[in-house]
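Peer 1: Here you go, one structure.
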Amino acid sequence: MDLGIKNKVAVVFAASKGLGKAAALALANEGCRVAICSRDSENLKKAESAITQATAAQTFTQVVDVSDKDQITEFINNVAAKWGSVDILVNNAGGPPVASFEQSKDDEWLKWYEITFMSVVRAVKASIPYMKKNKWGRIINITSSSVKSPVENLIYSNSIRMAVVGLAKSLSIELGPYGINVHNVAPGYHMTDGLERIIIKKVEAGQKREDVLKAWTDNIPVRRIGEPQDLAAMITFLASDLAGYLTGTTIPVEGGNYRGVI
């Protein structure tokens, strides 16, 4: 099936592993030119190698700290300078730590506001001039199922990611006339480093790893924990021409674990 995105320029943040890497690989498989970034240069090299070995895609990499405005802007502009465009933007960042509200600290709130919310603001602001020029664009933010149903002891994620949802809905209205569609994808339990941090906390509290995984799995209607490629498939669809009449959505990708009707 032709998704209509061959040769589009896709920028994926925090793509050296996990959900970001899976998204970059899926877009590369559809013929996109893919630019990826990460703070970790070694993992970034490994991710680029995995993409080039698995696909014929052109790639571009740059070390970027998503809490740094100048680094985000430079990355986007470097991609545009190399390939003449930015068509697809996938916003991603490492998730906030496990913490309850009473454990939270002012400096941590500010840190994760910069990483989780302002990184999206800055990447979008740098990208939309190129998308407007082409009258086509896709902005897809990787959030969390916590925006649909708060997760215990993830106070930073539960709170700050909601701002990303509000931003995306507002952007979908502002940018729709320019052919730019905006979405959030809300992953649930996927086997990533972020999920591993939660498991470790539960083990430290006295639970057994296998019991934690079984409890989660038994509660998910499809009876399995997700893999990064499950989310990547949704991102690729939303980036495609097939999803051209969709915008402003927040789509859970969590095996039916979210029980709400809206």
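The values are calculated or read from the model by the stated rules, or taken from the named source; none is laboratory data. Small disclaimer: the values here were computed from a predicted structure and weren't measured. Backbone-built Cβ (ideal geometry, glycine too); neighbour counts: all protein chains shown.
Peer 1: If I go through the stretch 58-76 residue by residue, how many of them are charged (D, E, K, R) and either buried (at least 24 other Cβ atoms within 10 Å of the Cβ) or closer than 14 Å to residue 14 by Cα (or both)? Walk me through how you get there before you give the answer.
Peer 2: Of all residues in the stretch 58-76, those charged (D, E, K, R) come to 65, 68-70, 74.
Okay, now just the ones that are also either buried (at least 24 other Cβ atoms within 10 Å of the Cβ) or closer than 14 Å to residue 14 by Cα (or both), so 65, 68.
Going through the stretch 58-76 one residue at a time, the tally reaches 2.
Peer 1: Can I ask one more? Given the criterion closer than 23 Å to residue 194 by Cα, more than 15 Å from the chain's Cα centre (by Cα) and of a type in the set (S, T, N, Q), identify the matching residue among 41, 85.
Peer 2: 41
Peer 1: Would you please name the residue that is modelled with the lowest pLDDT, looking only at residues in the stretch 175-197 that are within 15 Å of the chain's Cα centre (by Cα) and assigned to a helix (DSSP H, G or I)? Let's see the steps before the verdict.
Peer 2: At the first step, the residues of the stretch 175-197 found to be within 15 Å of the chain's Cα centre (by Cα) are 182-195.
Then keep just the ones that are assigned to a helix (DSSP H, G or I); that gives 193-195.
Values: 193: 84, 194: 81, 195: 86.
The qualifying residue modelled with the lowest pLDDT is 194.
Peer 1: Let me ask another. Given 73, 61, which one is out of contact with any Pro (no Cβ under 9 Å at 6 or more places or on another chain), at pLDDT 95 or above and in a strand (DSSP E or B)? Walk me through it before giving the result.
Peer 2: Working: 73 fails: in a strand (DSSP E or B).
None of the other options fit; the residue is 61.
Peer 1: Got at least one residue in the stretch 107-116 being assigned to a loop (DSSP other than H, G, I, E, B), touching a residue at least 40 places away in the same chain (Cβ under 8 Å) and either over 18 Å from the mean Cα position of the chain (by Cα) or surrounded by fewer than 20 Cβ atoms within 10 Å (Cβ to Cβ) (or both)?
Peer 2: Here is the first cut: in the stretch 107-116, the ones assigned to a loop (DSSP other than H, G, I, E, B) are none.
No; the residues of the stretch 107-116 include none that is assigned to a loop (DSSP other than H, G, I, E, B), touching a residue at least 40 places away in the same chain (Cβ under 8 Å) and either over 18 Å from the mean Cα position of the chain (by Cα) or surrounded by fewer than 20 Cβ atoms within 10 Å (Cβ to Cβ) (or both).
Peer 1: Among what's in the stretch 186-229 and is hydrophobic (A, V, I, L, M, F, W, C) and surrounded by fewer than 13 Cβ atoms within 10 Å (Cβ to Cβ), pick the residue that is nearest to residue 22 (Cα to Cα).
Peer 2: Initially, the stretch 186-229 is screened for residues hydrophobic (A, V, I, L, M, F, W, C), giving 186, 191, 195, 198-200, 203, 205, 212-213, 215-216, 220, 222, 225.
Add one more test, that the residue is surrounded by fewer than 13 Cβ atoms within 10 Å (Cβ to Cβ), and what stays is 205, 215, 222.
Values: 205: 31, 215: 26, 222: 21 Å.
If we take residues in the stretch 186-229 being hydrophobic (A, V, I, L, M, F, W, C) and surrounded by fewer than 13 Cβ atoms within 10 Å (Cβ to Cβ), then 222 is nearest to residue 22 (Cα to Cα).
Peer 1: Could you grab the pairs with beta carbons closer than 8 Å, sequence gap of 6+ or different chains, first residue in the stretch 162-179 and on the phi > 0 side of the Ramachandran plot, second one among the aliphatic types (A, V, I, L, M)?
Peer 2: Here the result reads 179/131, each pair linking the stretch 162-179 to a residue that is among the aliphatic types (A, V, I, L, M).
Peer 1: If we scan the stretch 35-44, do we find a residue that is out of contact with any Gly (no Cβ under 8 Å at 6 or more places or on another chain), within 25 Å of residue 68 (Cα to Cα) and free of Cβ contacts under 8 Å to residues at least 12 places away in the same chain?
Peer 2: Scanning the stretch 35-44 turns up at least one residue that is out of contact with any Gly (no Cβ under 8 Å at 6 or more places or on another chain), within 25 Å of residue 68 (Cα to Cα) and free of Cβ contacts under 8 Å to residues at least 12 places away in the same chain.
Peer 1: Turning to a different aspect of this structure: Here are some residues: 86, 79. Which one is in contact with a strand residue (DSSP E or B) (Cβ under 6 Å, 6 or more places away or on another chain), buried (at least 19 other Cβ atoms within 10 Å of the Cβ), part of a loop (DSSP other than H, G, I, E, B) and touching a residue at least 12 places away in the same chain (Cβ under 8 Å)?
Peer 2: Values: 79 fails: part of a loop (DSSP other than H, G, I, E, B).
Answer to the check: 86.
Peer 1: Looking at 128, 140, which one is in a helix (DSSP H, G or I) and hydrophobic (A, V, I, L, M, F, W, C)? Full working, then the answer.
Peer 2: Numbers: 140 fails: in a helix (DSSP H, G or I).
Within the list 128, 140, the selection yields 128.
Peer 1: Going through 157, 127, 172 one at a time, which residue ends up being more than 30 Å from residue 241 (Cβ to Cβ), modelled with pLDDT of 95 or more and of a type in the set (Ser, Thr, Tyr)?
Peer 2: Values: 127 fails: more than 30 Å from residue 241 (Cβ to Cβ); 172 fails: more than 30 Å from residue 241 (Cβ to Cβ).
After applying the criteria, what remains is 157.
Peer 1: Among the numbered criteria (1) buried (at least 21 other Cβ atoms within 10 Å of the Cβ); (2) within 30 Å of residue 132 (Cα to Cα), which one does residue 172 miss?
Peer 2: (1)
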